[in-house]
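Take a look at the structure set out below.
The values are calculated or read from the model by the stated rules, or taken from the named source; none is laboratory data. Predicted, not measured: the structure shown is a model, and the values here were computed from it. Ideal geometry is used to build each Cβ from the backbone, glycine not excepted, and the neighbour counts take in all protein chains shown. Areas reflect the complete protein model, heavy atoms only, side chains present, ligands, DNA and RNA absent. Shrake-Rupley method; radii C 1.70, N 1.55, O 1.52, S 1.80 Å.
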Amino acid sequence: VLYRANFQSRALEEAFLRKNITYTLLGTKFFERKEVKDVISYIRAALNQDSTVDIKRIINTPVRGIGKTTVLKILEGKEHELTSSAKEKVQSFRSLLAAIEQKTRTDKASEVIKYVITMSGMEKNFKEEDEQERLENVRELVTLALKYDTYTAPEGIEKMLEEAALASDQDTIESDKEREKKPGVKLMTVHASKGLEFDFVFISGLEQELFPHTKMQEGGTPESEEEERRLFYVALTRARKKLFLSHANVRTIFGSKQIALPSEFISDIDEDLKEDQKPISGIKSIFIDF
């Protein structure tokens, strides 16, 4: 199964686990991605300010001018030795954690995640640094959190933290080459699929602003548009026997449902090569037999 953007793997991983289908993911699994771990650490630190592992992870993420020496003094209980400037920065960080902790007591899980992404400065930092992939990953965490919104606070966010911990525990450290050899379905981005071939290939998320990717469209240069088309060609040619193209009619982005339009790339394929499949749960599939 191929996809254009890394954040798409989260829903696919969940679906395979739910159906008890063996799979391996080439690349970093969703809950192991740094930015996802950072958001989770913010919440854990807010709920338990004695969690030194989480505090160390996010006290200067994104950068807020709290250096290693300051962190060491905090952990050693020598906060009184800090300069007034350092104390002010630490107090600002503690106020943020307190605000997050209050949110977990009153708000739905998805709203808590949105608050962390915004108020921590992560969203602003990713936009300024043009880190769209990382921004998409943390926004996907909001979409995941929606299924816990039915619980009253703070139970929803607590259950989400439990799932994140379980998912991380199940992950094993393997190289991509080892994963390629393991039996089961292979999940990977189109970029990661270069040079590989499979009898049966599914390309998921063939929607405008996803594939071709919105970042490339906003760039607006002929080169970026052509690169997206080349990537689509790479994806198509990974299949030896059968190829399935799929797109959702509605996609949840950053916790909100949005109407999705089929990718322009689908209409570029000759009609006599395509065979429409019956839509399942709002997902349209197109079958191509080689």
**Study point:** Lys19 vs. criteria among the basic types (Lys, Arg), surrounded by fewer than 19 Cβ atoms within 10 Å (Cβ to Cβ) and within 23 Å of Thr150 (Cβ to Cβ)
**Key:** yes
Revision key, fill the gap. Matching residues in the stretch 127-148 (open to solvent by 10 Å² or more (accessible area, probe 1.4 Å) and out of contact with any Gly (no Cβ under 7 Å at 6 or more places or on another chain)) number 13
Revision key, fill the gap. Thr104 fails exactly one of (1) at positive phi; (2) open to solvent by less than 50 Å² (accessible area, probe 1.4 Å); (3) within 22 Å of the chain's Cα centre (by Cα), namely (1)
**Study point:** Matching residues, the stretch 136-153, being without any contact (Cβ under 8 Å) to a residue 60 or more places away in the chain, in a helix (DSSP H, G or I) and touching a helix residue (DSSP H, G or I) at 6+ places or on another chain (Cβ under 6 Å)
**Key:** Tyr148
Practice item. Answer yes or no: is there a residue in the stretch 77-90 that is at pLDDT 95 or above, within 16 Å of Tyr42 (Cβ to Cβ), open to solvent by 60 Å² or more (accessible area, probe 1.4 Å) and in a helix (DSSP H, G or I). Key: no
Point to revise | Qualifying positions in the stretch 45-54 - assigned to a helix (DSSP H, G or I), surrounded by fewer than 21 Cβ atoms within 10 Å (Cβ to Cβ) and touching a helix residue (DSSP H, G or I) at 6+ places or on another chain (Cβ under 7 Å) | key: Leu47, Thr52
Check your understanding: Do any residues in the stretch 56-75 that are small (Gly, Ala, Ser) have Cβ atoms under 9 Å from those of residues that are assigned to a helix (DSSP H, G or I) and surrounded by 13 or more Cβ atoms within 10 Å (Cβ to Cβ), where the two are at least six apart or on different chains, and which pairs are they?
Key -> Gly65/Ala86; Gly65/Lys89; Gly67/Ala86
Exercise for review: Filter the stretch 22-39 down to residues that are open to solvent by 30 Å² or more (accessible area, probe 1.4 Å) and either within 16 Å of Ser246 (Cβ to Cβ) or at pLDDT 95 or above (or both), then give me how many there are.
Suggested key: 2
Exercise for review: Take Phe232 and decide whether it is over 30 Å from Ile113 (Cβ atoms) and part of a strand (DSSP E or B).
Suggested key: no
Practice item. Determine, yes or no, whether Gly156 is of a type in the set (Gly, Ala, Ser) and either open to solvent by 80 Å² or more (accessible area, probe 1.4 Å) or modelled with pLDDT of 95 or more (or both). Key: yes
Review point. Does any residue of the stretch 154-171 turn out to be outside any helix (DSSP H, G or I), β-branched (Val, Ile, Thr) and farther than 20 Å from Phe7 by Cα?
Key: no
Check your understanding: What residue, of Thr252, Thr237, Thr214, is of a type outside the set (Gly, Ala, Ser) and more than 23 Å from Val142 (Cβ to Cβ)?
Key -> Thr237
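Would you be able to tell me the number of residues in the stretch 240-265 that are open to solvent by 80 Å² or more (accessible area, probe 1.4 Å) and either β-branched (Val, Ile, Thr) or over 19 Å from Ala109 (Cα atoms) (or both)?
5
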Review point. In the stretch 8-36, which residues are in a loop (DSSP other than H, G, I, E, B) and over 28 Å from Val63 (Cα atoms)?
Key: Lys19, Asn20, Ile21, Thr22, Leu26
Practice item. Name the single residue, out of those in the stretch 266-282 being surrounded by fewer than 16 Cβ atoms within 10 Å (Cβ to Cβ) and of a type in the set (Val, Ile, Thr), that is modelled with the lowest pLDDT. Key: Ile280
